[in-house]
Amino acid sequence: MAHKFEIHKDKKGEYRVRFKYNAEVVFATEGYSSKSGAKRSIEAIKKHVPDAEIEDNSDD
């Protein structure tokens, strides 16, 4: 699979989500105190991404 979500625990003990595409990290979330919080963030992203607007702030 070319893209995936990863849940990992950081040095502070917080759960974070990374989204990877072709092994490159595209974005990472804030830290969550529970794994269920990290899983909820994945579900929210999956639910809302298809409707995300594109904002072009470039000068050209």
Exercise. So, with +1 on the Cβ of K and R and -1 on the Cβ of D and E, and no other charges, what is the size of the charge dipole of the chain about its Cα centre, to the nearest 20 debye?
Worked result: 820
For this session: Using Cα pairs closer than 8 Å and at least 6 residues apart in sequence, work out the relative contact order for segment 3-50, in percent.
Result: 30
Exercise. Scanning the chain for GluC sites (Glu not before Pro) in DSSP loops with at most 11 other Cβ atoms within 10 Å, what's the longest stretch left with none?
Worked result: 1-29
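Could you work out the per residue convex hull volume over the alpha carbons of segment 9-48, in cubic angstrom?
Here the figure is 70 Å³ per residue.
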Problem set entry | Candidates per trypsin sites (Lys or Arg not before Pro) in the chain, loop by DSSP, up to 11 other Cβ within 10 Å | Lys11, Lys12
Exercise. By how many degrees, 0 to 90 and rounded to 10, does the Cα axis of helix 35-48 deviate from the longest principal axis of the chain?
Worked result: 20
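The numbers here are math on the coordinates, done by the rules we state, and not lab data. If you're wondering where the values come from, they're calculated on a predicted model, not measured in any experiment. For neighbour counting, all protein chains shown are included, and Cβ atoms are generated from backbone atoms with ideal geometry for every residue, glycine included.
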